[in-house]
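Only one structure is covered here, and it is reproduced in the block below.
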Amino acid sequence: MKAINSNNILGEAFRPGRYVLYDSHKRPIYTGSSRRVRHRLEALLYGRSDYATVATKRALRMKARYYHVVYNNNVRYNRRQEKKYKARCAFNKC
């Protein structure tokens, strides 16, 4: 688990994978998958895309403090795992 900051995110790869965002108490609040995980984390960090315009994504951005990434080139597997863990995360229920 890493803190959400530019140094950590710039160290991530441009690979497909699944990521989990955690709050300050290290509880999972969001899970997702992406073909380029680093781009998704950069959007979260810098407030680009939906993280700047959609109210629930803005709230997620304010609460997220840590993240964890699992890289896997199998995009279908990443989506299955994402769906499996969504029920545990507060922001995925919206």
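Can you tell me how many residues in the stretch 35-58 are open to solvent by less than 20 Å² (accessible area, probe 1.4 Å) and in contact with a Gly (Cβ under 9 Å, 6 or more places away or on another chain)? Talk me through it step by step, then tell me what you get.
Our first condition is that a residue be open to solvent by less than 20 Å² (accessible area, probe 1.4 Å); within the stretch 35-58, this holds for 37, 41, 43-44, 47, 51.
Subset that is in contact with a Gly (Cβ under 9 Å, 6 or more places away or on another chain): 37.
Total meeting the criteria: 1.
Tell me, which residue of the stretch 6-46 that is aliphatic (A, V, I, L, M) and touching a Cys at 6+ places or on another chain (Cβ under 9 Å) is nearest to Cys89 (Cα to Cα)? Reasoning before the result, please.
We begin by selecting, within the stretch 6-46, every residue aliphatic (A, V, I, L, M); these are 9-10, 13, 20-21, 29, 37, 41, 43-45.
Next, from what is left, pick out any that are touching a Cys at 6+ places or on another chain (Cβ under 9 Å): 20-21, 29.
Values: Val20: 9, Leu21: 9, Ile29: 4 Å.
That would be Ile29.
Within the stretch 22-73, which residues are among the polar types (S, T, N, Q) and at positive phi? Walk me through how you get there before you give the answer.
As a first pass, look at the stretch 22-73 and keep what is among the polar types (S, T, N, Q): 24, 31, 33-34, 49, 53, 56, 72-73.
Answer for the stretch 22-73, where residues must be among the polar types (S, T, N, Q) and at positive phi: just Ser49.
Within the stretch 1-34, can you find the residues that are within 21 Å of Val75 (Cα to Cα), open to solvent by 50 Å² or more (accessible area, probe 1.4 Å) and in contact with a Gly (Cβ under 9 Å, 6 or more places away or on another chain)?
Selection gives nothing.
Exactly one of these conditions fails for Arg58: (1) more than 11 Å from the chain's Cα centre (by Cα); (2) of a type in the set (D, E, K, R); (3) at pLDDT 90 or above. Give me its number.
Result: Arg58 passes all but (3).
Got at least one residue in the stretch 67-84 being modelled with pLDDT of 85 or more, open to solvent by less than 60 Å² (accessible area, probe 1.4 Å) and under 10 Å from the mean Cα position of the chain (by Cα)?
Yes, there is a match, as at least one residue in the stretch 67-84 is modelled with pLDDT of 85 or more, open to solvent by less than 60 Å² (accessible area, probe 1.4 Å) and under 10 Å from the mean Cα position of the chain (by Cα).
The values are calculated or read from the model by the stated rules, or taken from the named source; none is laboratory data. None of these values were measured; they are calculated from a predicted model. Note that we place each Cβ from the backbone using ideal geometry, even for glycine, and neighbour counts take in every protein chain shown. All accessible areas refer to the heavy atoms of the entire protein, side chains included, with ligands and DNA or RNA removed. Shrake-Rupley method; radii C 1.70, N 1.55, O 1.52, S 1.80 Å.
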